[in-house]
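Worksheet for the structure shown next.
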Amino acid sequence: MVHLKSFDNGIRLVVRPMEGLMSVTMGILVGTGACVETDEEDGISHFIEHMMFKGTDKRNAFQISDEMDRIGAQVNAFTGKDLTCYYAKSITENAPKAFEILADLFLNSKFPEHEMVREKGVVVEEINMTEDTPDDLCLDLFGEAYYGKCGYGRNILGTPENVNGFTRKDIKNYMAKRYTTDNIVIAMAGNIDISLAEDLVEKYFGSLAATHKEKRLIPAKGIHNSLVRNKDIEQVHIAIGYPSVCRGADLYEATQLMNSVLGGSMSSRLFQTVREKLGLAYTVYSYLSPYAETGTLTVYAGVNAKSYKKSVNAVYKCIEELKKKYLTEEEFLRGKEQMKSSFVFAKESSSSQMLLYGKELIYNDKLFDFDEKMNKINAVTREDVIKAIDENFDEKGMAAAIVGKLDEPLPL
């Protein structure tokens, strides 16, 4: 039975016990990320995530890693467009110690000046690495092409100029507005006793004063542009996207199923046509990016420069054929089984369950309901998927990005 507890200061705890495991994954999730940053803050969510591991009153940066290693635990973090997560995984008997270290770095990081100088260099190199990773660069460029340089189009890593300019005061000001008790969820999944989980959260987080996040309007309307980045590389990397459903939309599950048919698996139309039949790409797929207010459906392909136009036309042809609403019964049933299987597989992973239940609380302020999700998937009809096709390929809302030896953007 999944357990939910709201503490007096606004922090929420969700525990997903999982029988048969000998470990637990514990996460601290914050409802913040690149999409709420201002131009001056661009990249600060990600920089703070890095700096959280650089020392507290009790531990320096090495000691944080060393003490986790001594108990065989794994610790890490990530920053997204609208979520930041710090997490640790340990065997059950070491969960109290792992959570104490995780809570220490989250609550008591001091952001030493000498560590800030060093970590700025690390993050700038991470930015440079993305510049040298053309598929990542292409998808970042697509975000800018669709949303512009703010909101969901903002680059998570920020710019070297911004990163090098961040101060301890900037960090403290941002955290005061976003790292608030009403914007924090603690999620645990695996072999963990519920009463122990509550005691741990009460011990380390219970004394925090109630604080409230700053509400920020996120620019969610697309600008629908086409951008190109000329780079001297062998392949051409293409991203083409359309307006799609937001989280929780009526046609969300139907759109997921439609995406599976288009490019979400090795049996999908894009994979079978562009890669297997025509041999134009090694990697080609489609994916959904649903947010609270908006969403996109994006097709990505890495292709040979000489066959760039042929590849683009092949992608468009797959989309056009889907828009004709011809969906076989086999495709429909296969897509439904793939969706159901993905949730069942996730149910067997403590890391996936921690993130799944934590996200649902952060995003929707409710418990994730596995049975409800499976019922929604089972209830999707072929007619629902056809409706989703109608609503997901608005050419007026298209955007595109290209990275490679090209000078011209993709015509929209």
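The values are calculated or read from the model by the stated rules, or taken from the named source; none is laboratory data. Keep in mind the model is a prediction, meaning the values are calculated, not measured. With ideal geometry, Cβ positions are generated from the backbone for all residues, glycine too; neighbour counts draw on all protein chains shown. Remember, those area values only see protein heavy atoms, side chains included, never the ligands or the DNA or RNA. Shrake-Rupley method; radii C 1.70, N 1.55, O 1.52, S 1.80 Å.
Per-structure values
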read-out: In segment 139-229, the trypsin sites (Lys or Arg not before Pro) that fall in loop regions by DSSP, at most 16 other Cβ within 10 Å; value: Lys149, Lys215, Arg216, Lys221
read-out: Of all accessible heavy-atom area on segment 280-408, the percent that carbon and sulfur account for (1.4 Å); value: 49 percent
read-out: Reduced Cα scattering model of the chain, Debye log10 I(q)/I(0), q = 0.10 Å⁻¹; value: -0.76
read-out: Per residue solvent-accessible surface (Å²) - segment 299-371, probe of 1.4 Å; value: 53 Å²
read-out: Diffusion constant of segment 69-222 at 10 °C, which comes from Stokes-Einstein with the Kirkwood Cα-pair radius and 1.306 mPa s, µm²/s; value: 87 µm²/s
read-out: Accessible surface of segment 83-182 [probe 1.4 Å, protein heavy atoms]: carbon and sulfur percent; value: 52 percent
read-out: Cα lying deepest toward the dipole's positive end in the chain, options Cys318, Leu107, Ile233, charges on Cβ; value: Cys318
read-out: Among Asn313, Asn60, Asn155, residue whose mean-square fluctuation peaks in a GNM of the chain (springs only between Cα atoms under 10 Å); value: Asn313
read-out: Residue with peak Gaussian network fluctuation, the chain [Cα springs, cutoff 10 Å], from Glu372, Glu144, Glu67; value: Glu372
read-out: The chain - charge dipole about Cα centre, Lys and Arg +1 at Cβ, Asp and Glu -1, debye rounded to 20; value: 520 debye
read-out: Heavy-atom SASA rank of His50, His212 (probe 1.4 Å, accessible area, largest first); value: His212, His50
read-out: Translational diffusion of segment 369-412, µm² s⁻¹ [Kirkwood Rh, Cα pairs; Stokes-Einstein; 25 °C; 0.890 mPa s]; value: 175 µm²/s
read-out: Heavy-atom surface of segment 34-148, accessible at 1.4 Å and reported per residue (Å²); value: 40 Å²
read-out: Modelled label reach - Leu107, point 7 Å along Cα→Cβ, segment 8-46 residues with backbone N closer than 20 Å; value: 8-15, 25-31
read-out: Expected-Rg normalisation [2.2 N^0.38 Å, Cα atoms] applied to segment 4-60; value: 1.58
read-out: Inter-site label distance for Ile233 and Leu196 at 7 Å from Cα along Cβ, in nm; value: 4.6 nm
read-out: Projected-area mean, segment 262-384, by convex hull of Cα positions, square nanometres; value: 9.2 nm²
read-out: Rounded FRET efficiency, nearest 0.05, which uses the C-beta distance separating Arg247 from Asp66 and R0 of 45 Å; value: 0.70
read-out: Pairwise label distance in nanometres, Glu329 with Ser352, each label 7 Å out on the Cα-Cβ vector; value: 3.0 nm
read-out: Radius of gyration, Dmax [segment 128-186; alpha carbons; angstrom]; value: 14.6, 38
read-out: Of the trypsin sites (Lys or Arg not before Pro) in segment 88-133, those whose Cβ has at most 16 other Cβ within 10 Å and which sit in DSSP loop; value: Lys110
read-out: Highest-MSF residue in the chain out of Ala379, Ala239, Ala220 [GNM, Cα springs under 10 Å]; value: Ala379
read-out: Rounded to 5, percent antiparallel among DSSP beta bridges of the chain; value: 80 percent
read-out: Selection from Phe343, Ile389, Phe332, by position along the positive dipole direction of segment 313-412 (Cβ); value: Phe343
read-out: Sparse-neighbourhood loop sites, GluC sites (Glu not before Pro) in segment 195-276 - DSSP loop, at most 14 other Cβ within 10 angstrom; value: Glu214, Glu234
read-out: Whole-Å distance, taken between Cα centres, linking segment 201-246 and segment 54-116; value: 25 Å
read-out: With 10 Å bins from 0: P(r) over segment 1-154, alpha-carbon pairs, percent; value: 10, 31, 33, 21, 4
read-out: For segment 208-313, radius of gyration divided by Kirkwood radius, i.e. Rg to Rh on alpha-carbons; value: 1.11
read-out: Per principal axis, descending, Cα span of segment 270-337 in whole Å; value: 37, 32, 22
